[in-house]
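Working notes, structure below.
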Amino acid sequence: DAMVIQNPRYQVTQFGKPVTLSCSQTLNHNVMYWYQQKSSQAPKLLFHYYDKDFNNEADTPDNFQSRRPNTSFCFLDIRSPGLGDAAMYLCATSRDGGGRSYEQYFGPGTRLTVT
Amino acid sequence: GEDVEQSLFLSVREGDSSVINCTYTDSSSTYLYWYKQEPGAGLQLLTYIFSNMDMKQDQRLTVLLNKKDKHLSLRIADTQTGDSAIYFCAESKTGTALIFGKGTTLSVSS
């Protein structure tokens with residue numbers, strides 16, 4: 001029944017060591033999003049894919065990259081994690097079209113710890 | 001100021017009604033949402049309202065929208081301990097991503 005799956009649920013990485021977070025979906029939605037949520041803060045959009053088109057938010061650091069090899073999968077790559085990148089990373093999907101198309105379905109998140 | 005603002009905490013007794021309030025700044029927002037986040041979990045969409053509506057009711061949930069004041073509220077009737085969670089208000093315009101508030105932590109005591 002899982003619709004948006006994130007792996008791993010918990011990730012520990014060392015300062016400066018590249019890390020990749022994974023998201024997959026069974027909804028066949030054409031839009032996928034990555035949000036960063038720091039403790040006691042609102043989720044903040046990093047970027048999203050509309051099909052294969054990548055849309056970066058203006059204030060997303062260059063340290064964050066993303067790949068979407070197919071409709072089902074999307075990856076978040078952090079090239080050189082800093083202590084300030086420790087957060088919950090949330091993946092979400094939505095379907096384009098009218099009506100409730102902008103309803104976003106979220107995965108359970110990956111909590112990233114940087115040591 | 002923040003785009004979406006919410007009070008940070010709300011404490012109620014089981015069986016009472018809870019009202020969580022939210023204000024937003026973008027008058028062109030098309031959709032307004034309430035999401036629920038339980039500890040260690042992702043965000044679950046509870047309900048949403050289009051900006052041309054004033055009210056929406058869905059079982060124990062009632063959403064009120066005052067577009068003039070840019071004020072959104074979520075009322076939970078007969079609040080249960082299982083309703084304890086963080087509730088996020090969010091806005092979006094057509095075709096754009098969600099802008100979230102910082103969330104209101106609802107604590108329900110028995």
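Take B:T30 and tell me if it is within 10 Å of chain A (Cβ to nearest Cβ), among the hydroxyl-bearing types (S, T, Y) and open to solvent by 30 Å² or more (accessible area, probe 1.4 Å). So B:T30 fits the description; yes. I'd like to check something: does the range A:15-23 contain any residue that is surrounded by 16 or more Cβ atoms within 10 Å (Cβ to Cβ) and closer than 30 Å to B:S7 by Cβ? The answer is no, given that none of the residues of the range A:15-23 is surrounded by 16 or more Cβ atoms within 10 Å (Cβ to Cβ) and closer than 30 Å to B:S7 by Cβ.
Could you please let me know if A:G84 is of a type outside the set (F, W, Y) and at positive phi?
Values: of a type outside the set (F, W, Y): yes; at positive phi: no.
So A:G84 does not fit the description; no.
Checking each residue in the range B:42-66 for being among the hydrophobic types (A, V, I, L, M, F, W, C), surrounded by 15 or more Cβ atoms within 10 Å (Cβ to Cβ) and within 14 Å of chain A (Cβ to nearest Cβ) picks out B:L43, B:L45, B:L46, B:I49.
In this structure, does B:I86 turn out to be of a type in the set (A, V, I, L, M), part of a strand (DSSP E or B), at pLDDT 90 or above and open to solvent by less than 40 Å² (accessible area, probe 1.4 Å)? No; evaluated as a whole, the condition is false for this residue. Take the residues in the range B:77-102 that are within 10 Å of the chain's Cα centre (by Cα) and among the aliphatic types (A, V, I, L, M); name whichever of them is farthest from A:M32 (Cα to Cα). Selected residue: B:I86. Against the list (1) under 22 Å from A:A42 (Cβ atoms); (2) surrounded by fewer than 12 Cβ atoms within 10 Å (Cβ to Cβ), the condition B:S18 fails is (2).
Select from the range A:41-91 the residues that are part of a loop (DSSP other than H, G, I, E, B) and within 14 Å of chain B (Cβ to nearest Cβ) and write down the one among them that is surrounded by the fewest Cβ atoms within 10 Å (Cβ to Cβ).
Initial filter on the range A:41-91 (part of a loop (DSSP other than H, G, I, E, B)): A:41-43, A:51-52, A:57-63, A:68-72, A:79-82, A:86.
In the following step, the residues that additionally are within 14 Å of chain B (Cβ to nearest Cβ) were identified as A:41-43, A:51, A:57-60.
Details: A:Q41: 13, A:A42: 20, A:P43: 31, A:D51: 11, A:E57: 13, A:A58: 4, A:D59: 8, A:T60: 16.
Of everything passing the filter in the range A:41-91, A:A58 is surrounded by the fewest Cβ atoms within 10 Å (Cβ to Cβ).
Going residue by residue through the range B:50-57, is there one that turns out to be assigned to a loop (DSSP other than H, G, I, E, B), closer than 28 Å to A:G109 by Cα, modelled with pLDDT of 90 or more and among the charged types (D, E, K, R)? No, the conditions are met nowhere in the range B:50-57. Can you confirm whether A:A92 is in contact with a Ser or Thr (Cβ under 8 Å, 6 or more places away or on another chain), under 28 Å from B:A85 (Cβ atoms) and of a type in the set (A, V, I, L, M, F, W, C)? When the stated conditions are applied, A:A92 does not pass them.
The values are calculated or read from the model by the stated rules, or taken from the named source; none is laboratory data. Just so we're clear, the structure is a prediction, and the values are computed from it rather than from any experiment. Backbone-built Cβ (ideal geometry, glycine too); neighbour counts: all protein chains shown. We work out accessible area using only protein heavy atoms, side chains counted, and drop any ligands, DNA or RNA first. Shrake-Rupley method; radii C 1.70, N 1.55, O 1.52, S 1.80 Å.
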